[in-house]
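For reference, the structure discussed in these notes is given below.
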Amino acid sequence: MIKNLNYIDEAIYLKEKSLFFNESWILVAHKNELLNNNDFVALDYFGNKIFVQNYNGTIKSFQNVCLHRFNTIHEEPFGNRVSSCLYHNWTYGKKGNVVGLMCRNSFEKDHISELRLKEYEVDFCGDFVFIKLNEQTDKKLSDYLGNIFSPLEEISKHFGDKTIDYTIEHKVNWKLLVENVLECYHCTSVHENSFAKMGFGSVAPEKFDFFDAHSWCEFPKGESAKPSKIIEKALADRTLKIQGYLHFYIYPNAFISSVEGKGFYFGFMFPESPSKTNLRVRYFAPKFEKELNESQQNIIDFINNSSNDSLDLVLNEDKKIVENIQTNLVNFKDSSPIFGDEEFRILKFYEYFNKKELKDI
Ligand code: FES
Ligand SMILES: [Fe+2]
């Protein structure tokens with residue numbers, strides 16, 4: 001049984017951090033973010049700055065710190081530019097080697113040609129891009145994801161273009177964010193005017209699966225406000241047509257979800273301290289069977305904008321609650337939260353995580 005102390009204690013937080021590094025493959029990007037030569041996505045993972053980048057069609061991942069005098073190479077979280085450091089323009093190639101620098105003759109040539117950025121192994125689950133943090137482990141990505149691999153691979157193929165990418169700070173322990181997204185028991189109360197209106201939260205899920213701490217679940221749609229005919233027609237040719245709200249948790253950091261295949265959310269947590277976690281929020285448009293004409297595209301742009309607004313609303317509704325909880329825990333250190341049947345994915349997560357914690361630490 002997890003104690004509230006586990007959400008606030010510094011020593012426990014540090015142990016959890018080492019757990020993440022010991023085993024993990026992490027889901028860092030979707031291929032649609034890296035389609036063109038020099039597209040990149042950067043992240044700061046517990047102080048480790050890392051980027052993934054398209055080098056003429058090959059996706060590679062390296063430390064995001066220059067070997068000259070340690071400036072950050074890519075300062076933006078995503079973009080399109082060669083991997084060159086903006087301090088003195090050292091430029092890195094697909095092997096992490098220095099391929100361009102000013103005044104090359106002023107440096108010892110052999111030394112420069114031996115330099116390599118630390119590289120992270122990249123692998124794919126469908127169109128999702130994973131990197132391996134722990135080079136000591138030889139666990140393959142397919143073994144890491146187990147039976148979650150194929151449903152995750154399937155959903156990845158329906159992502160369209162990325163429409164938003166921003167980060168929201170949460171004054172909470174990372175586990176509160178995990179717990180919050182693993183159940184829809186709170187949907188009818190917290191998301192009364194957003195999610196519940198769309199018809200989610202009132203019917204218990206029937207389809208779900210687990211592997212280690214990973215899980216997916218489809219929440220069926222109940223009664224909802226009548227969908228707009230124009231919107232339904234505009235989305236009729238999307239490639240993924242599901243009835244419900246599909247949600248994946250990919251341990252330790254990633255959340256993937258979709259409401260009826262009408263768009264795709266990709267959340268990624270960056271724990272910063274026992275009581276602070278940044279959530280990077282990305283949203284992707286749906287993919288369509290045929291190319292859209294201009295007027296269809298205009299309607300889809302409108303739908304994407306309103307999906308982004310709804311997502312923002314839902315995230316802020318959750319943020320308010322979980323931040324509230326975090327402030328209360330210090331006074332109830334030895335108490336524990338109570339999880340019921342509707343919160344079964346949380347129980348499964350802790351079943352795995354607590355065992356791991358005991359074994360590895
Ligand atoms: S620190 Fe990067 S080029 Fe000098
Ligand atoms: Fe929520």
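The values are calculated or read from the model by the stated rules, or taken from the named source; none is laboratory data. All values derive from a computational prediction rather than experimental measurement. Heads up, the Cβs are rebuilt from the backbone with ideal geometry, glycines too, and the neighbour counts pull from every protein chain shown.
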Residues of the range 7-46 that turn out to be modelled with pLDDT under 95 and polar (S, T, N, Q), as a count: 3
Per-region count, the range 328-343, residues without any contact (Cβ under 8 Å) to a residue 40 or more places away in the chain and in a helix (DSSP H, G or I): 3
Verdict on residue 155 being away from ligand 2 (no atom under 13 Å from the Cβ), under 26 Å from residue 33 (Cβ atoms) and either in contact with an Asp or Glu (Cβ under 9 Å, 6 or more places away or on another chain) or assigned to a strand (DSSP E or B) (or both): no
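Can you pull out every residue in the range 191-208 that is more than 13 Å from ligand 2 (Cβ to nearest atom) and small (Gly, Ala, Ser)?
Selection gives 199, 202, 204.
For residue 275, state whether it is over 29 Å from residue 150 (Cβ atoms) and surrounded by fewer than 20 Cβ atoms within 10 Å (Cβ to Cβ).
Values: over 29 Å from residue 150 (Cβ atoms): yes; surrounded by fewer than 20 Cβ atoms within 10 Å (Cβ to Cβ): no.
When the stated conditions are applied, residue 275 does not pass them.
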Counted residues, the range 17-33 - those being surrounded by fewer than 22 Cβ atoms within 10 Å (Cβ to Cβ) and either among the charged types (D, E, K, R) or part of a helix (DSSP H, G or I) (or both): 9
Failed criterion for residue 166 (all others in (1) buried (at least 16 other Cβ atoms within 10 Å of the Cβ); (2) within 16 Å of the chain's Cα centre (by Cα); (3) hydroxyl-bearing (Ser, Thr, Tyr) hold): (1)
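Considering each residue of the range 34-43, count those that are crowded, with 16+ Cβ neighbours inside 10 Å and more than 19 Å from residue 256 (Cα to Cα), and give that number. Show your work before the answer.
Of all residues in the range 34-43, those crowded, with 16+ Cβ neighbours inside 10 Å come to 34, 39-43.
Among the residues that remain, those that are also more than 19 Å from residue 256 (Cα to Cα) are: 39-40.
The number of residues fulfilling the criteria is 2.
Kindly indicate which of 255, 210, 264, 270 is modelled with pLDDT of 95 or more, closer than 29 Å to residue 20 by Cα and crowded, with 22+ Cβ neighbours inside 10 Å. Explain how you work it out, then say what you get.
Numbers: 255 fails: crowded, with 22+ Cβ neighbours inside 10 Å; 210 fails: crowded, with 22+ Cβ neighbours inside 10 Å; 270 fails: crowded, with 22+ Cβ neighbours inside 10 Å.
None of the others qualify; the one that does is 264.
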Among the candidates 55, 92, 87, residue that is free of Cβ contacts under 8 Å to residues at least 24 places away in the same chain and hydroxyl-bearing (Ser, Thr, Tyr): 87
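Restricting attention to strands (runs of 3 or more DSSP E) lying wholly within the range 193-286, give those where 3 or more residues are within 23 Å of the chain's Cα centre (by Cα) and under 24 Å from residue 3 (Cα atoms). If you could, list the steps in order and put the result at the bottom.
Values: elements: 207-211, 214-219, 245-250, 254-259, 264-273, 276-286.
Qualifying strands (runs of 3 or more DSSP E): 264-273, 276-286.
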Identity of the residue in the range 50-101, closer than 17 Å to residue 120 by Cβ and charged (D, E, K, R), that ends up farthest from ligand 2 (Cβ to nearest atom): 95
Pairs where the first residue, in the range 303-319, is more than 13 Å from residue 259 (Cβ to Cβ) and the second is surrounded by fewer than 17 Cβ atoms within 10 Å (Cβ to Cβ) and among the polar types (S, T, N, Q), C-beta under 7 Å, 6+ apart: none
